[in-house]
Amino acid sequence: METTNPEYFENKAETTTDRAVPKVKGNETEKDITETAAARTRGRRKIMQSIFFFLFRGAAAVNGIALFIIIFFLLKNGLSAISWTFLTQPPMDSMTSGGIFPCIVGTLCLGIGAIIAALPVGVASGIYLNEYARPGLMLRILRLGISNLAGVPSVVFGLFGLAFFCIILKMGVSILAGALTLATLTLPVIIGSTEEALKSVPDTYREASLALGATKWQTIYRVVLPAAMPGILTGAILGLSRAAGETAPIMFTGAVFFAPGKWPSSLLDSVMALPYHIYVLATAGTEIEKTRPLQYGTAIVLIALVLGINLGALIWRSRLRKRLK
Amino acid sequence: MNRQFEKTAEMVLFLPALLSVILTLAIFVFMLVFGLPLMKGGRFFELITGSWSPGHGMYGIQPMIMGTMAIASLSVFFAFPLSMGCASLISVLAPRGFSTFLRHTVRLMTGVPTVIYGFVGIFLLVPIIRELFQNGSGFCILSASLMLALLISPTMILVFMESFDRVPKSYLDAADALGGTPVQKLVYVIIPQARQGIWMGVILSMGRSLGDTLIALMLAGNAIATPGSVLDSVRTLTAHIALVIASDYESLEFKSVFACGLILYGFNALIIVMLRYVESKGTQ
């Protein structure tokens with residue numbers, strides 16, 4: 001407990017309450033008695049303080065340590081597996097050697113496809129909700145629909161995608177079906193970040209433009225959207241990283257255990273994907289032990305990809321926020 | 001002409017916004033229509049209370065419902081004290097620089113794909129649980145809910161932090177003026193004030209853990225049985241969906257998966273209703 005932080009608070013607590021309490025010896029006057037009582041309360045308070053600090057620290061430490069262990073564990077076991085061959089070659093010898101190039105390509109195809117499909121719809125929805133919609137029943141319905149969509153478990157999106165895109169629209173297990181499924185999943189994310197970006201544009205911008213005689217649409221298109229664009233794009237990137245990391249929705253709509261060749265040849269091809277690859281190798285593969293290094297390597301690549309995209313987007317966003325202020 | 005254009009623009013923007021509502025309804029309708037053969041004629045009750053034995057024509061999903069609830073509630077139980085501590089530390093007790101660092105870390109953690117947690121769980125947590133309890137394979141409710149707790153805690157921490165930050169500064173100043181220590185401020189002022197946010201965090205993360213697939217699929221063992229202890233292996237609804245998807249789209253087994261989807265959809269709707277309720281109580 002001897003770090004800077006609790007001491008700082010304890011000192012502050014003492015200076016803000018009373019002066020230092022003198023040690024009581026011998027015949028106690030009434031004043032002395034109250035002062036011992038005060039000292040006792042203060043002592044108890046100090047103990048409480050340390051106990052609470054200990055608990056809070058402990059909680060944070062458990063989380064932090066868990067995160068640290070996960071990352072350390074992955075790096076320790078998987079770093080040796082990562083090489084140029086691993087990143088640029090397809091799997092060989094029935095998955096026990098070679099690389100994961102097709103998985104990386106597949107994940108990017110699915111993720112980017114999802115964003116291409118979800119971005120226009122999401123941005124338009126965000127604009128409508130923030131700039132046009134008036135309070136009332138319709139807005140309540142829209143909000144309820146979006147928050148419901150945001151909470152639906154990802155595997156249910158997968159089922160929906162399977163039933164609608166794969167079976168009814170006859171797309172089969174393909175990039176197209178997988179990307180569209182992921183698009184429905186990322187749609188609420190994009191709507192949310194678009195709204196947030198639009199809200200951060202000061203109203204004075206809109207007022208100035210309207211005062212110059214611009215129509216509402218001109219104002220949105222020429223003034224509000226350009227100002228909000230970086231925020232909207234950050235949201236899109238965050239959506240991309242979300243889509244790239246999801247496994248359950250693509251399990252039965254877009255991803256397969258093995259796809260031949262390095263590149264998919266059309267949108268109706270099924271692909272390999274990083275998250276699904278990890279899942280299959282770690283649970284259903286025929287030679288789990290033999291593919292261990294490949295699994296760790298794949299996990300590192302996935303986590304680096306997703307967190308890298310995330311980190312980039314977050315840094316960019318905080319920069320933008322500072323500039324707007 | 002200009003006015004016409006403005007009207008069209010509004011309409012063109014309205015339709016995508018409506019699409020989300022249509023999608024939500026479409027998902028519901030799909031689950032219902034595809035799962036209907038198993039629910040027709042009052043068999044819905046049979047479905048949610050019966051056991052699973054496709055060989056005997058029994059497609060009950062009661063064990064999976066129990067498994068889902070057990071894992072989700074246990075994970076919230078584990079995650080709550082962790083998140084409470086983290087959120088308190090970050091938004092009240094830690095010095096500014098450290099707190100900003102932690103904030104960013106937590107935000108970043110929400111992005112870790114769940115398959116990573118599942119994967120690490122298989123090779124790190126499951127052997128430990130197996131050694132520790134000397135009971136079974138280690139693929140059990142406990143393993144899954146511990147990992148799940150780690151997955152949902154960033155969400156919980158973020159919601160808690162937001163609600164802590166919303167406590168009016170004047171309240172905090174008053175507590176300071178009365179000579180309260182930071183811990184007293186937290187326990188007597190901030191936490192009671194943030195009660196609504198705390199509930200919302202718990203409900204939201206409950207929703208996340210009910211809906212998570214990969215962790216339960218990889219760590220809970222997937223045995224079809226009503227759980228008796230935390231060391232039992234169970235199968236969640238989500239894992240069931242992932243496992244049963246067969247190539248035969250006409251089989252009843254495949255249809256039952258949509259019934260699972262419907263139950264999950266219902267859980268989500270319930271979560272939304274509870275969130276709305278808590279929210280409305282707070283604003284009154």
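The values are calculated or read from the model by the stated rules, or taken from the named source; none is laboratory data. Since we're looking at a predicted model, the values are computed, not measured. Cβ placement follows ideal geometry from the backbone for every residue including glycine, while neighbour counts extend to all protein chains displayed. For accessibility, only protein heavy atoms count, side chains too; no ligands or nucleic acids. Shrake-Rupley method; radii C 1.70, N 1.55, O 1.52, S 1.80 Å.
Just a yes or no: is a residue in the range B:17-24 open to solvent by less than 60 Å² (accessible area, probe 1.4 Å), without any contact (Cβ under 8 Å) to a residue 12 or more places away in the chain, in contact with a Phe, Trp or Tyr (Cβ under 6 Å, 6 or more places away or on another chain) and facing chain A (nearest Cβ under 10 Å)?
Applying the first criterion (open to solvent by less than 60 Å² (accessible area, probe 1.4 Å)) to the range B:17-24 yields B:17-18, B:20-21, B:23-24.
Those left that are additionally without any contact (Cβ under 8 Å) to a residue 12 or more places away in the chain: B:17-18, B:20-21, B:23-24.
Filter once more, so that each one left must be in contact with a Phe, Trp or Tyr (Cβ under 6 Å, 6 or more places away or on another chain): B:17.
Then drop every residue that is not facing chain A (nearest Cβ under 10 Å), which leaves B:17.
Checked the range B:17-24: at least one residue is open to solvent by less than 60 Å² (accessible area, probe 1.4 Å), without any contact (Cβ under 8 Å) to a residue 12 or more places away in the chain, in contact with a Phe, Trp or Tyr (Cβ under 6 Å, 6 or more places away or on another chain) and facing chain A (nearest Cβ under 10 Å).
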Hey, could you check the range A:66-80 for residues that are farther than 17 Å from B:Leu151 by Cα and among the aliphatic types (A, V, I, L, M) and say which is surrounded by the fewest Cβ atoms within 10 Å (Cβ to Cβ)? A:Leu79
Mind listing whichever residues of the range B:85-112 are among the aliphatic types (A, V, I, L, M), surrounded by fewer than 22 Cβ atoms within 10 Å (Cβ to Cβ) and either over 27 Å from A:Leu74 (Cα atoms) or within 13 Å of the chain's Cα centre (by Cα) (or both)? B:Val92, B:Ala94
Could you say whether any residue in the range A:74-93 is assigned to a helix (DSSP H, G or I), under 23 Å from A:Ala282 (Cα atoms) and within 9 Å of chain B (Cβ to nearest Cβ)? yes
Taking the range A:232-262 on its own, how many of its residues are open to solvent by 10 Å² or more (accessible area, probe 1.4 Å), touching a residue at least 60 places away in the same chain (Cβ under 8 Å) and within 15 Å of B:Leu243 (Cα to Cα)? 3
Inside the range A:247-325, counting only helices (runs of 4 or more DSSP H) that do not spill past its ends, which hold 3 or more residues that are more than 9 Å from chain B (Cβ to nearest Cβ) and either charged (D, E, K, R) or touching a Lys or Arg at 6+ places or on another chain (Cβ under 6 Å) (or both)? A:292-324
Enumerated helices (runs of 4 or more DSSP H) restricted to the range B:66-169, each holding at least 2 residues that are of a type in the set (S, T, N, Q) and modelled with pLDDT under 90: B:96-109
Cβ-Cβ under 6 Å pairs, at least 6 apart or on other chains, the range B:86-98 side in contact (Cβ under 8 Å) with a residue 12 or more places away in the chain, far side among the hydroxyl-bearing types (Ser, Thr, Tyr): B:Ile90/B:Ser99
Please work out if B:Glu6 is open to solvent by 30 Å² or more (accessible area, probe 1.4 Å), away from chain A (no Cβ under 14 Å) and not hydrophobic (A, V, I, L, M, F, W, C). no
Of these, A:Leu129, A:Leu139, A:Leu149, A:Leu159, which one is part of a helix (DSSP H, G or I) and either surrounded by fewer than 18 Cβ atoms within 10 Å (Cβ to Cβ) or among the β-branched types (Val, Ile, Thr) (or both)? A:Leu139
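Can you pull out the residues in the range A:268-285 that are more than 27 Å from the chain's Cα centre (by Cα) and in contact (Cβ under 8 Å) with a residue 60 or more places away in the chain?
Of the range A:268-285, the ones more than 27 Å from the chain's Cα centre (by Cα) are A:268-269, A:284-285.
Once the filter is applied, which keeps residues that are more than 27 Å from the chain's Cα centre (by Cα) and in contact (Cβ under 8 Å) with a residue 60 or more places away in the chain, the range A:268-285 yields A:Leu268, A:Asp269, A:Gly285.
Determine whether B:Val183 is at the interface with chain A (Cβ under 8 Å from one of its Cβ atoms), open to solvent by less than 40 Å² (accessible area, probe 1.4 Å), under 30 Å from B:Ser163 (Cα atoms) and modelled with pLDDT under 90.
Details: at the interface with chain A (Cβ under 8 Å from one of its Cβ atoms): yes; open to solvent by less than 40 Å² (accessible area, probe 1.4 Å): yes; under 30 Å from B:Ser163 (Cα atoms): yes; modelled with pLDDT under 90: yes.
In short, yes.
Name the residue, out of B:Ile263, B:Ile245, that is open to solvent by 20 Å² or more (accessible area, probe 1.4 Å), modelled with pLDDT under 90, assigned by TED's automatic domain parsing to the domain that holds B:Thr213 and of a type in the set (Val, Ile, Thr).
On the way: B:Ile263 fails: modelled with pLDDT under 90.
Matching residue, one of B:Ile263, B:Ile245: B:Ile245.
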So, in the range B:48-65, exactly how many residues are open to solvent by 10 Å² or more (accessible area, probe 1.4 Å) and not in a helix (DSSP H, G or I)? 7
In the range B:122-147, the residues that are open to solvent by less than 30 Å² (accessible area, probe 1.4 Å), within 12 Å of another protein chain (Cβ to nearest Cβ) and under 18 Å from the mean Cα position of the chain (by Cα): B:Met147
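Considering only residues that are open to solvent by less than 50 Å² (accessible area, probe 1.4 Å) and either more than 25 Å from B:Leu19 (Cβ to Cβ) or without any contact (Cβ under 8 Å) to a residue 12 or more places away in the chain (or both), look in the range A:203-229 and name the one that is nearest to the other protein chains (Cβ to nearest Cβ). Show your work before the answer.
Going residue by residue through the range A:203-229, those that are open to solvent by less than 50 Å² (accessible area, probe 1.4 Å) are A:206, A:209, A:214-215, A:219-220, A:223-225, A:227-228.
With the extra rule that they be either more than 25 Å from B:Leu19 (Cβ to Cβ) or without any contact (Cβ under 8 Å) to a residue 12 or more places away in the chain (or both), the set shrinks to A:206, A:209, A:214-215, A:223, A:227.
On the way: A:Arg206: 15, A:Ser209: 14, A:Ala214: 11, A:Thr215: 6, A:Val223: 15, A:Ala227: 18 Å.
Only one residue fits best here, namely A:Thr215.
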B:Val33: among the β-branched types (Val, Ile, Thr), within 23 Å of the chain's Cα centre (by Cα) and in a helix (DSSP H, G or I), yes or no? no
